[in-house]
Amino acid sequence: MGLPLLSCIILLPLIGSLVAAVVKWENGIKYWATGISAIQLLTLIYAGTKFDHSATSFQWNEELNWIQLPLGSLGEFVIKYSLGLDGLSFLLIALTGFISFLAIINSHSIQEKKGAYFSLLLLLNAALMGCFLSRDLFLFYVFFEFMLLPMYFLIGIWGGPRKNYASIKFFLYTLIGSLFILIVMLGISLAYIDPYETAKHLGLIQEGQNFDLEALKNIQTAIANKEIANFDLVHSFDMQALSDVNNCQTTSILHPNSGWLLNGLSARMWGFWLLFIGFAIKLPMVPLHTWLPDAHVEAPTPISVILAGVLLKIGAYGWLRTAIPFFPKEALESANIMAALGAISIIYGAYNALAMSDLKKLVAYSSVSHMGFVLLGIASFQAEGWQGAIYQLVSHGILSSLLFLVVGVLYERTHDRQIDHYAGIASLMPRFTLISGIAIFASLGLPGFSGFIGEFFSLLGAFTSPYIHPAWAVLGAFGILLSAGYFLWTFQKVYLGKTNLFNTAWKLPDLNRLEIFSLFSLGILSILFGILPQLILDWSKYFVSNFLTTLPY
Amino acid sequence: MGLTPLFIGLLLFPWISAMLIAAFSKILTRLLSSFSILLSFIQFIGLIYFIYQLQGNPHAIHLPWFSLGDSVFRASFEASSSSQIVAILVATVAFFVQLFSSSYLKDEPHLARYYLYLHLFAAAMYALLFADQIWIFYASWEMVGACSYLLISFWYQKEVAIKAAKKAFLLNRFGDIGLLIGLIGLSIHFDTMEFSSMQIGSVGPAPIAIGLALLAGAIGKSAQFPLMSWLPDAMEGPTPASALIHAATMVAAGVYLGIKIYPFTGEDTHLFMAVVGAISLVSGAIFALFQHDIKKALAYSTISQLGLMWMGMGSDASLLHLVVHGIFKAGLFLAAGSVIHYLHHQKSSHHLDAQSLNQMGGLRKQLPWTALGYGVFAASLMGLPFTNGFFSKENLAGFLWENAQNSPFYPIYWTLLACLAIGMLLSNWYISRQFYLIFMGENRAKLALEKSSKWDLSQHIPVKILALLSLFFWTSWNPIHTQESSILNWFQIKTIEVPSFWLIITAISWVLGLSLTWFSRHWIPTKNYQFLTAFWPSIFQFIPWKARWTHRIDILILDKFLVWLAQLQVVTGHIIAWMDQSLVDGLLVGFSTKMSQVSGQFLSKWQSGKVQQYWILVFLTFGLFLLYVWM
């Protein structure tokens, strides 16, 4: 394959975005963006069919040297443009591609500055794809930061009445999170040596030559015995190198044997928690979640869809790719606290959702609750829990998008999201009620829909895990009762009962074709994945089993 | 046809039926009922043929489903003898209920939705009965709950109905948390995910904690004490659906779970089950007396009868009563449905509540066949000889009596027997009283009732056949003894002989119950008294209250704190700016003024406020970066 497929997936929306920004089409711009997104989706499907399921590691790696920075006596810094695809990445880029496509085709409510809107949307898509495909921490960070700008403008310009407040809040929260990530990123890359790059630097191996396990061991011993001169050491941001604690310099405070303590915690523990919190803001985890309801309420529907459907997943992805592999022992020691935070997120988010009178806020808080299952599953450090957490990422991506689109359908017709302003719309919009019912039952975790599998395996992992207290699992299980409570309450108030609208002038026509396509495609996916969970589990199994077998038990 | 494809076909057919109903609902407007009845008849015939082919043997299938880590999840189903007989019950009742509905709901505009829900329910119910893999069992368990939600809220414009549906679902969910935890516990304890391979063997029976968790789920589903209050409310749904779901089959799923776990749970779990059952038996029977709505009275009667099955602890005694009760209770509901339907269509009574006992009395003249059917079902409930109820009730007493002989917990068994006697007395009282208030005496509303002019077969046939099925000769030709019962042998149901003193107690309870009915015949409850109303609503009001409180924390403390923190930065900024102006600026007035003017003008060009420009800056930066990379 001559074409660098992964770069294409990132470059395609980038080019599309540039064209959309420069060319002044008023009405055609939407079709341009739709086309770009459709091509990207086809590329992703093609990638999915060509994906080698037997490969246990990354495939289609693309690597280019980007920055080489001599640091004198500290050695040399190498930053690479390095992309790769594994099952976990594929699940998330496929989700991103599909959700972006739906967001773009459902953007007809955007009437002003269309060019800028679509170009920012495509830019956001490119940044998200980059995030999920990067294998270099620095590159990941660049894409991670890059996501912030389009999102800030998309909320700040096309948002609702309190858009300024919401967008700045979103910006500040995420910025603080990335600050934490930055600190750890710099610290860990200075402390770690990349053996492969060092060997290359020393001329021990040539470009493209196979670097086997034995050679790796040799270099690591050589570094540990200080046989290599300081200025010949090469630091890099390669995530794989950073995941191997043997690459850590013995003199560094990040070394496991260093006695360095701050407030009773080792430097590695600090590193883990800084990374953890940095990504927890994105997830979002209670108590770092308050940006989310505001951002959702103010954002236009398609942006809410992307925000809930894809953006939140970066938080968990960051844990799975960086925080936990970099500091596995520390993560394992903190498992109980992580599980507690997850269980609290589940319950706290659900209680908040119960108190909401605004539909979008309700869905936003339900997201907090559902993402708590991801954290609970990850904290279990069991195959079931991790698979469940990854499954929940995809499932929540589908279901929260569906729920936000459902809210969008109502909002577009009436510009009102108050739950008590509606009653009995089942008689007016039967098709809409059908798909809303599917969305609601799927989200409250009814078996047969995808929502159940994710929550179920996360809980199963949490119950069987030796690392966490079963009380957190029990607490998490009560979340499924509360979620049934707020969803059914909403369903009863808005859809069932005698038709009674706040404003009698409201016209509520049933779904049009575009809405039927968007909503039902998500609903059908949810049922499909709910009945055949292996469609998702098969993608992530090698990632999970590879990682969990290397855990220091 | 081989047995395995037939089995898979039977599991899939109701789902396909539901899809067919959904697909053809627009085309088959008038024939929809017949089509739906035909579909459930095919399922019934297929099931009978399948079970006949099995010749009383179990049949299991294990299909590959998915694997996760080291654990392989198989889609396993097993047609054990207990699931076979309950499946026949479900198929029979489902068929008759559909037949009955075609007349009862013939003016209903959304009939397609109704039949769709019924088929979905049947599909989930068969999956529940035949599931061997515990998670398929759990999944179908939740799905029958969802179908019950959909059917209770079928008339979604009725405020009471949708509230009842929500309550039913939430109370069930509450129990299901227990079931979920219990099933996880089972899978860890026995290290398998299939019921059929759970054996006491070396690991010993499942500990009481697991048993209690599992039974919590069953309590929710079977509306046992203390999660019972949803069932009377659920009567807001269509009556035939109540007959199928909330009387004969779904509520019995809790008992069925007890039957499934009976072989590998300890006596402590069994006794807990029996005690819950005893409380429900007595309290349900008491509250059945205090209803003036006939459906609500029957709902409390269902709670009470399910309690009786629970007292069987999941043994064969429970199973026998489950099947017998399923037949006569479905019959009672359908007969009550006929009565309601008849009153509802009387011209003189259109403004009255057709379900209230106050409107009834003396209906034997207008509805003689219904009265006869009702009488047979009531007799079976009372356990009078010549009915199947006699066999199953005496068998249950025999089971308790035998356990009392050789168990260290014999005082509990004797208490249970005492509760059974009291429960039987109360049951005899409420059901005979209800029969009296509906059919005997004179009409209390003084309505000018017309004789039922139409001979509506689809309402009469189900009631008559179910009444026939409630009679003794299906079980055994000997009306007071089951020893040569071919049907019980076929399904390997063991029966236990009851000591003769118990027959005397039973006879006394009949006489006493009937005389109590005679003495209390003029008293009619003024409203429907609810068990535990004072207790449960306050719990459920506590949750929204807590939710509001949590939200207040979220807004007032968490969010305020962070906003305040951010504002503090701004205040600090103002202080520093003030210092900058008055101190630093004061020192370097000339220079800094000039500089800031120049730089301000320059920078403000960049701060144009136009997104496109911001964006191009962003893009240029990113483009330069990529350019660098690619070079």
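A short reminder: the numbers here are calculations on the coordinates, not readings from a lab. Worth saying up front: this structure is predicted, and the values here are computed from it rather than measured. Here the Cβ positions follow ideal geometry from the backbone for every residue, glycine too, while neighbour counts run over all protein chains shown.
Computed values, structure above
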quantity: Compactness index (Cα Rg / 2.2 N^0.38 Å), the stretch B:253-397; calculated: 1.18
quantity: Length-normalised contact order of chain B in % [C-alpha pairs under 8 Å, at least 6 apart]; calculated: 12 percent
quantity: Histogram of C-alpha separations across the stretch B:35-90, 10 Å bin width, %; calculated: 21, 36, 27, 14, 2
quantity: Between the stretch B:97-148 and the stretch A:334-348, the Cα center-to-center distance that results, in Å; calculated: 37 Å
quantity: Extended-chain gain in nm, criterion 0.36 nm per residue less alpha-carbon gap, B:I508 and B:K546; calculated: 8.5 nm
quantity: If the convex hull is drawn through the Cα atoms of the stretch A:334-553, its volume per residue in Å³; calculated: 100 Å³
quantity: Angle between chain B longest axis and helix B:560-579 axis [Cα atoms, degrees, rounded to 10]; calculated: 10 degrees
quantity: Lys, Arg +1 and Asp, Glu -1 on Cβ, resulting dipole of the protein assembly as shown about Cα centre, debye, nearest 20; calculated: 3900 debye
quantity: In degrees, nearest ten, helix B:111-130 long axis to first principal axis of chain B (Cα); calculated: 80 degrees
quantity: Dipole moment magnitude, nearest 20 debye, the stretch A:334-553 about Cα centre, only Lys, Arg, Asp, Glu C-beta charged; calculated: 360 debye
quantity: Which of A:V407, A:F456, A:Y365, positive extreme of dipole for the stretch A:334-553 (C-beta unit charges); calculated: A:V407
quantity: Square roots of five times the Cα gyration tensor eigenvalues for chain A, Å; calculated: 41, 26, 20
quantity: Helix axis angle, B:32-54 relative to chain B longest principal axis, alpha carbon, degrees; calculated: 70 degrees
quantity: Stokes-Einstein D in µm²/s, Kirkwood radius over Cα pairs - the protein assembly as shown at 10 °C with 1.306 mPa s viscosity; calculated: 48 µm²/s
quantity: Within the stretch B:3-533: Cβ-based charge dipole about Cα centre, in debye rounded to nearest 20 (Lys, Arg +1; Asp, Glu -1); calculated: 1820 debye
quantity: Helix-only [θ]222 nm of the protein assembly as shown, DSSP H runs n ≥ 4, -39500 (n - 2.57) each, per residue, nearest 500; calculated: -22000 deg cm²/dmol
quantity: Efficiency of FRET from Cβ geometry, B:T415 and B:I188, R₀ 35 Å, rounded to 0.05; calculated: 0.55
quantity: Rounded to whole Å, sorted largest first: equivalent-ellipsoid semi-axes of the stretch A:203-243, Cα gyration tensor; calculated: 16, 14, 12
quantity: Trypsin sites (Lys or Arg not before Pro) lying in DSSP loop within the stretch B:102-200, provided at most 15 other Cβ fall within 10 Å; calculated: B:K106
quantity: Segments A:150-161, A:170-181, B:382-393, A:38-49 sorted - mean Cβ within 10 Å per residue, highest first; calculated: B:382-393, A:150-161, A:170-181, A:38-49
quantity: Summed side-chain charge close to A:N218 - residues other than A:N218 whose Cβ falls under 11 Å, Lys, Arg +1, Asp, Glu -1; calculated: -2
quantity: Mean separation of Cα contacts under 8 Å (6+ apart) over length of chain A, as relative contact order %; calculated: 14 percent
quantity: Global geometry of the stretch A:447-553, whether rounded, prolate or oblate, following the gyration tensor of its Cα atoms and the 1.5 cut on a/c; calculated: oblate
quantity: Listed residue (B:W414, B:L627, B:A79) projecting farthest to the positive dipole end of chain B, Cβ model; calculated: B:L627
quantity: Theoretical gain in end-to-end length, B:H481 to B:Q597 [0.36 nm per residue, Cα-Cα removed]; calculated: 30.9 nm
quantity: Bridge type composition, chain A - antiparallel percent by DSSP, nearest 5; calculated: 85 percent
quantity: Cα coordinate range in the stretch A:233-353, projected on the principal axes (Å, largest first); calculated: 51, 30, 19
quantity: Rounded if a/c under 1.5, otherwise prolate or oblate - chain B, Cα gyration tensor axes; calculated: prolate
quantity: Other protein chain Cβ atoms within 10 Å, averaged over every residue that makes up B:280-292; calculated: 0
quantity: Under the span-like rule (Cα at least 30 Å along the axis, Kyte-Doolittle mean at least -0.5), DSSP H helices of chain A; calculated: A:28-50, A:137-158, A:163-191, A:359-380, A:383-414, A:470-494
quantity: Sites B:H522 and B:F386, calculated FRET efficiency, Cβ-Cβ separation with R0 41 Å, nearest 0.05; calculated: 0.85
quantity: DSSP-defined beta bridges in the stretch B:3-533 - what % are antiparallel, rounded to 5; calculated: 95 percent
quantity: Dipole of the stretch A:311-361 [Lys/Arg +1, Asp/Glu -1 at C-beta], most positive-end residue of A:A335, A:G315, A:I346; calculated: A:G315
quantity: Förster-model FRET efficiency, 25 Å R0, A:L535 and B:I27, C-beta, rounded to 0.05; calculated: 0.15
quantity: Spacing of the two label points (7 Å from each Cα toward its C-beta) at A:S521 and A:Q206, in nm; calculated: 4.8 nm
quantity: Karplus (6.51, -1.76, 1.60) ³J(HN,Hα), θ = phi - 60°, over the stretch B:58-73, in Hz, Gly and Pro reported as x; calculated: x, 9, 10, 10, 10, 9, x, 10, 7, 10, 9, x, 8, 8, 9, 9
quantity: 10 Å binning of all Cα-Cα separations within the stretch B:72-190, expressed as whole percents from 0 upward; calculated: 12, 35, 34, 15, 3, 0
